[in-house]
Amino acid sequence: MSNFKRKLKRRHLINNLFMVLLVFVISISFLVLGTLLLEIFLRGYKTLTWDFITSMPSGRASRAGILPALIGSFGVIALTALISIPIGVGTAIYLTEYADKKSKFVKLLQLNISNLAGVPAIVYGILGLAVFSQLVGLGPSLIVGAFTLSLLILPVIIVSAIEAIKAVPNSIREGSYALGVTRWKTITGVILPMATPGIMTGSILALSRAMGEAAPLIMVGAVGFVTFLPNSLLDRYSALPLIVFNWTSRPQAAFAEIAASGILVMLILLIITNLTAIIIRNKTQIRVD
Amino acid sequence: MTVKVKVENLNFYYGDFQALKNINIEIHENKITALIGPSGCGKSTFIKTIDRMYDLIEDTRADGHILFDEMDILKSDVDVVELRKRIGMVFQKPNPFPKSISENVLYAVKRHGDVNKVAFNEIVENSLRKASLWDEVKSKLHQSAFSLSGGQQQRLCIARTLATKPEVILMDEPTSALDPIATSKIEELLQELKKEYTVIIVTHSMQQAARISDYTGFFLNGELIEFGNTKDIFTNPKDKRTEDYITGRYG
């Protein structure tokens with residue numbers, strides 16, 4: 001009996017110690033992140049006005065705005081979505097439903113896609129510069145930015161789409177095939193509808209990552225300071241992370257403040273996209289028991 | 001009596017493992033044929049060969065002949081999509097699609113694309129009536145199939161199969177996930193279905209085979225040990241192993 005109690009006490013002790021440790025670890029990350037957000041908010045909220053959002057950049061911080069960067073970011077992200085989601089989902093469908101899973105080539109392909117997700121963003125920038133700007137000759141245009149960001153997030157979209165498609169139970173596939181429904185109609189009839197929430201969530205999260213990327217866009221010639229809006233896919237453009245980067249590298253304190261406002265705009269957009277992802281997932285989720 | 005499916009010298013392999021050994025059997029039209037035997041004896045594998053569902057499993061191979069109205073099902077040039085319209089299958093666990101009840105019934109019909117839209121309502125009602133589910137669901141055809149109970153889901157899966165107008169219905173332990181009341185409903189339903197269709201049912205329960213079937217086949221280790229009238233099999237088995245199984249010595 002006493003032996004039992006001794007062991008119990010020891011277990012409780014270890015349990016409590018571990019919990020204290022975990023709380024400590026969590027508070028470190030919360031503290032760092034919290035300080036950062038608070039700092040940005042305190043610096044930036046005063047200059048975050050409607051004028052700031054609807055004005056062109058300027059040499060004077062008090063008159064500068066982010067309109068071209070905001071439009072540029074939206075444009076690039078929308079194009080990126082149009083390019084990367086169909087290609088990514090198509091690849092995932094091929095790899096899960098069509099390809100011979102035992103083939104060495106397919107295994108190599110899947111391993112490589114997972115590895116590509118870990119390649120630094122700047123490398124995709126260099127690739128975009130070499131292939132789309134130089135080789136294809138599209139120059140420093142909006143469409144090149146979109147192609148480059150598509151390359152960056154394609155692996156993430158493919159991997160999340162593969163997971164979503166694999167999560168569709170096999171009994172559903174069998175049920176459809178047993179009714180004499182072809183493979184393609186089984187995919188469009190039940191597999192994709194069931195995998196859509198997962199595909200959407202993965203894609204939106206990947207796109208919100210692309211929205212915050214500066215490095216690859218700098219490589220392919222997006223600029224931090226433009227005073228016009230892009231009119232066509234071949235126009236030059238700016239993007240939010242670039243304008244923030246441009247402002248923070250200036251010596252005047254006033255620019256540091258509007259840079260903080262720019263960051264706030266980006267944070268708000270990120271929160272909105274991530275919330276959208278969550279809402280879509282919850283609304284369209286189909287439960288199979 | 002017409003023979004609907006005639007199996008001759010059927011062998012089946014998963015890789016190097018031979019799961020079925022020289023099976024010969026004749027399935028009669030508008031009768032219920034029950035296949036019994038212990039787990040892993042090959043009875044589920046056997047019905048998977050009849051609608052070529054084994055095509056979906058990698059590294060499988062079948063030889064011999066399965067004649068279905070003179071067509072050899074095992075030939076590589078058989079259109080399996082067309083074949084599976086004529087030979088339906090109901091699975092062990094109800095597997096309705098995450099769609100409404102009526103969409104489940106119409107799922108295959110819509111995707112085969114050979115029926116006029118005007119006929120959709122009629123198909124839904126007829127199929128659900130034949131699966132004796134109509135009265136329970138007629139007021140909620142647009143609700144999700146998942147709102148139904150397990151037994152209702154299984155009858156919905158039967159209705160879904162009937163909508164494609166099959167000639168043969170294969171059932172792989174269709175009641176093993178259901179309670180006794182749901183089971184007896186499906187058993188009653190089978191007696192109705194055999195008037196129009198040929199039914200082959202794999203079952204774990206010897207009592208079920210004895211209750212519902214006209215013919216019974218006993219499988220053991222990939223071999224068809226005995227096949228004949230259900231009455232004969234259960235009252236007067238010829239093979240010692242069949243007798244041991246039905247008297248509960250093993251299995």
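Read the figures in this text as sums done on the coordinates, not as results from a lab. This one's a predicted model, so the numbers in the text were calculated from it and none came from an experiment. Here Cβ is always computed from backbone atoms with ideal geometry, including for glycine, and neighbour counts include all displayed protein chains.
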| said: Please check: in the Gaussian network model of chain B (C-alpha springs, under 10 Å), which one of B:129, B:111, B:211 has the largest mean-square fluctuation. | reply: B:111
| Between residue A:31 and residue A:54, what is the label-to-label distance in nm when each label sits 7 Å out along the Cα-to-Cβ direction? | 4.4 nm
| What are the DSSP H helices in chain A that stretch 24 Å or more along their long axis, judged by alpha-carbon atoms, and whose average Kyte-Doolittle hydropathy comes to at least 0.0? | A:2-44, A:67-93, A:142-166, A:192-211, A:253-284
| task | Pick out which of A:29, A:133, A:103 has the largest mean-square fluctuation in a Gaussian network model of chain A, springs linking Cα atoms closer than 10 Å. | result | A:29
| note | Here the residues of region B:74-109 lying in the modelled label zone of residue B:29, meaning backbone nitrogen under 18 Å from a point 7 Å along Cα-to-Cβ, are B:86-88
| remark: If unit charges are put on Cβ atoms (+1 for Lys and Arg, -1 for Asp and Glu) and the dipole of chain B is taken about its Cα centre, the option from B:81, B:207, B:24 lying farthest towards the positive end turns out to be B:207
| If the cut-off is a Cα-Cα distance under 17 Å, which aspartates and glutamates reach residue B:195, setting aside same-chain residues fewer than 8 apart in sequence? | B:29, B:167, B:187, B:214
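Report the extension gain between residue A:274 and residue A:46 in nm, rounded to one decimal, defined as 0.36 nm multiplied by the number of residues separating them, less their alpha carbon distance.
79.5 nm
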| field | Signed unit charges on C-beta, dipole axis of the protein assembly as shown, positive-most listed residue A:14, B:225, A:58 | value | A:14
| message | Using the Kirkwood radius over C-alpha pairs as Rh, can you work out the diffusion coefficient of region A:2-44 via Stokes-Einstein at 20 °C, viscosity 1.002 mPa s, in µm² per second? | response | 167 µm²/s
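Taking 30 Å as the cut-off for C-alpha to C-alpha distance, list the pairs among A:166/B:138; B:85/B:238; B:117/B:138; B:21/B:165 that go past it. Walk me through the intermediate numbers first.
Values: A:166/B:138 34 Å; B:85/B:238 37 Å; B:117/B:138 19 Å; B:21/B:165 32 Å.
A:166/B:138; B:85/B:238; B:21/B:165, as the Cα separations exceed 30 Å there.
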| request: Just name one of A:112, A:69, A:247: the one whose Cα is farthest towards the positive end of the charge dipole of chain A (beta-carbon charges, Lys/Arg +1, Asp/Glu -1). | output: A:112
| note | Between residue B:11 and residue A:234, the two model label points (7 Å from Cα along the beta-carbon direction) sit apart by a distance in nm of 6.8 nm
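Which is the longest run of chain A containing none of the chymotrypsin sites (Phe, Trp or Tyr not before Pro) found in DSSP loop states (not H, G, I, E, B) with at most 13 other C-beta atoms within 10 Å? If you can, show how the numbers build up before the last one.
Values: sites that count: A:45, A:228.
Maximal segment without exposed cleavage sites: A:46-227.
Which value at 222 nm does chain A reach when only helices count, each DSSP H run of 4 or more adding -39,500 (n - 2.57), with the total divided by all residues and rounded to the nearest 500 deg cm²/dmol?
Working: 12 runs with 200 residues, N = 289.
Per the formula, -23000 deg cm²/dmol.
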| query | Which loop-located trypsin sites (Lys or Arg not before Pro) does region B:1-100 contain, where loop means any DSSP state but H, G, I, E or B and the Cβ has at most 14 other Cβ atoms within 10 Å? | reply | B:75
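Using 0.36 nm per residue, how much length does the chain from residue B:238 to residue B:2 gain when fully extended, once their Cα-Cα distance is taken away? Could the numbers behind the result be given before it?
Values: separation 236, 0.36 × 236 = 84.96 nm, distance 2.48 nm.
Computed gain between residue B:238 and residue B:2 is 82.5 nm.
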| Anyone know which of A:138, A:22, A:108 comes out most mobile in the 10 Å Cα GNM of chain A? | A:22
| message | Given Cβ point charges of +1 (Lys, Arg) and -1 (Asp, Glu) and nothing else, what value in debye, to the nearest 20, does the dipole of chain A about its Cα centre take? | response | 1380 debye
| task | Give the long-range amide H neighbours of residue B:148: residues separated by 5 or more places, or on another chain, with amide H under 5 Å away, using H modelled in the peptide plane at 1.01 Å from N. | result | none
| request: Estimate the FRET efficiency between residue B:76 and residue A:122 by the formula 1/(1 + (r/R0)^6), using the beta-carbon distance for r and 41 Å for R0, to the nearest 0.05. | output: 0.20
